[in-house]
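Let me begin by presenting the structure, written as structure tokens, before commenting on it.
The values are calculated or read from the model by the stated rules, or taken from the named source; none is laboratory data. Since the model is a prediction, treat every value here as computed from it, not as a measurement. Glycine also receives a Cβ, built like all others from the backbone with ideal geometry; neighbour counts cover every protein chain displayed. Heads up: the accessible areas ignore ligands, DNA and RNA and are worked out on the full protein's heavy atoms, side chains in. Shrake-Rupley method; radii C 1.70, N 1.55, O 1.52, S 1.80 Å.
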Amino acid sequence: MPQTPPFAAMFDSSGYNRNLYQSKEDSCGGLYYHDNNLLSGSLEALIQHLVPNVDYYPDRTYIFTFLLSSRLFMHPYELMAKVCHLCIEQQRLSEPGLDKNRIRKIAPKILQLLTEWTETFPYDFRDERMMRNLKELAQRIASGDEMYRKNVQQLLQNLLRKLATVSQYEEVLAKINATSTDRLTVLKTKPQSIQRDIITVCNDPYALAQQLTHIELERLNYIGPEEFVQAFVQKDPLDNDKSCYGDRKKTRNLEAYVEWFNRLSYLVATEICMPVKKKHRARVIEYFIDVARECFNIGNFNSLMAIVSGMNMSPVSRLKKTWAKVKTAKFDILEHQMDPSSNFYNYRTALRGAAQRSLTAHSNREKIVIPFFSLLIKDIYFLNEGCANRLPNGHVNFEKFWELAKQVSEFMTWKQVECPFERDRKILQYLLTIPVFSDDALYLASYESESPENHIEKDRWKTLR
């Protein structure tokens with residue numbers, strides 16, 4: 001079986017280079033090139049370009065880009081059905097007296113295409129119709145040779161294992177959500193005696209930053225590349241006004257990850273507003289500043305941003321007497337790093353630095369790049385909004401999708417990093433399940449720590465009590 005190269009190697013600055021696997025038909029056939037880069041094509045021609053034959057195998061960047069973007073125009077199961085049909089028709093795989101030699105020539109290529117699809121977009125196969133088509137095509141290939149039968153079995157086993165793992169992960173998430181939301185209501189008012197706080201559970205800010213990185217990498221790892229595109233599915237005007245993904249979305253790992261960011265911000269605010277004594281609150285603020293700094297050093301920008309957001313929530317930022325006791329120089333540096341002005345220029349520079357470090361890294365620790373996720377989604381959203389999916393002649397605007405795939409494939413590289421730190425179950429349990437205050441409870445705790453200063457605050461306090 002041909003090996004698939006790592007994601008980082010896929011996209012160079014020029015995008016897709018057709019010379020790698022040039023075949024006779026694609027210079028016309030409904031595809032439009034400029035300087036050897038594929039710029040647009042009819043949907044039919046692009047599907048045809050995905051299907052290997054005896055003399056041709058599509059470029060890997062093309063496979064990723066087309067599988068990623070095609071879902072804006074048709075369901076993955078519809079694409080799968082077309083690919084299977086073309087493979088069977090073109091290679092005459094449905095003929096009764098099937099020539100073993102012909103199967104031997106084409107089977108490895110069809111298998112390789114199916115391998116890339118199942119490895120990169122496994123969630124597509126949570127659809128029965130996808131599975132049926134996959135098994136049917138795999139059966140036809142396997143009938144030719146014992147070796148291919150083994151390869152097909154391996155492919156199906158790997159896929160089923162991935163799908164089982166994601167189902168388990170979703171169950172765990174559902175459990176965590178159930179426990180943490182049930183207990184939210186208990187904390188409507190500020191409890192006087194807190195059983196545990198973050199510093200008693202983990203008094204070392206470096207250890208906490210490492211456990212946060214565990215959670216981030218685990219949640220990143222489950223996000224499928226297609227989830228970025230599905231987030232923006234709109235109606236395709238040439239498709240009788242039906243949206244491709246209106247009816248079923250297979251996963252919500254992307255939403256779960258955004259929820260984690262919000263939870264971490266509220267956890268930080270809760271831990272700061274809870275202590276009764278001013279010096280304790282100041283100590284918690286300084287602790288989180290150290291955690292955030294270590295997140296920055298690790299390359300965990302998502303936790304860093306969540307911590308900074310938690311500290312900037314108004315129930316926390318209004319605690320002037322508490323902040324007066326804090327050495328804020330380190331916090332000012334972090335705020336400067338995450339400053340949103342000039343489209344997050346400072347953060348983007350730091351992210352590029354981390355991405356460079358990751359490319360030449362010798363250890364997993366140096367490979368870690370966890371982007372500020374909401375901004376990544378926003379960038380991809382604006383790229384999607386800024387260009388049409390189709391050109392006036394009805395062609396698919398493939399130039400746009402190269403750019404989209406480039407951004408998503410960078411993320412794919414980052415999400416595959418193994419976390420180098422040891423897991424600490426006790427700390428992880430606390431971070432994921434300890435109840436956090438709602439907005440109202442945060443304000444209440446904040447006003448009880450430092451009295452309201454003006455009419456608006458006083459009125460709010462009255463209402464809350």
Task: Where only alpha carbons of segment 29-160 are counted, the Rg and the Dmax (Å) - done: 14.7, 44
Task: Percent carbon-and-sulfur accessible area, segment 29-160, ignoring ligands, DNA and RNA, probe 1.4 Å - done: 49
Open item on the list: Please give me the summed charge of the neighbours of E453: other residues whose Cβ is under 15 Å from its Cβ, Lys and Arg +1, Asp and Glu -1.
Closed with: +2
TODO: Determine the sum of side-chain charges near L264: Lys and Arg each +1, Asp and Glu each -1, restricted to other residues whose C-beta is under 13 angstrom from that of L264.
DONE: -1
TODO: List, in order, the whole-Hz ³J(HN,Hα) value for each residue of segment 218-231 obtained from phi through the Karplus relation with A = 6.51, B = -1.76, C = 1.60 and θ = phi - 60°; use x for Gly and Pro.
DONE: 5, 6, 4, 4, 8, 7, x, x, 5, 5, 5, 6, 4, 5
- [ ] Kindly report the accessible area of segment 29-160 per residue (heavy atoms of protein chains, probe 1.4 Å, no ligands, DNA or RNA), in Å².
- [x] 40
Open item on the list: Explain nothing, just compute: Karplus ³J(HN,Hα) = 6.51 cos²θ - 1.76 cosθ + 1.60, θ = phi - 60°, for every residue of segment 292-302 in order, whole Hz, x for Gly and Pro.
Closed with: 5, 4, 5, 4, 4, 5, 6, x, 8, 6, 6
Open item on the list: What distance in nm lies between label points placed 7 Å from Cα along the C-beta direction at I333 and R423?
Closed with: 3.3
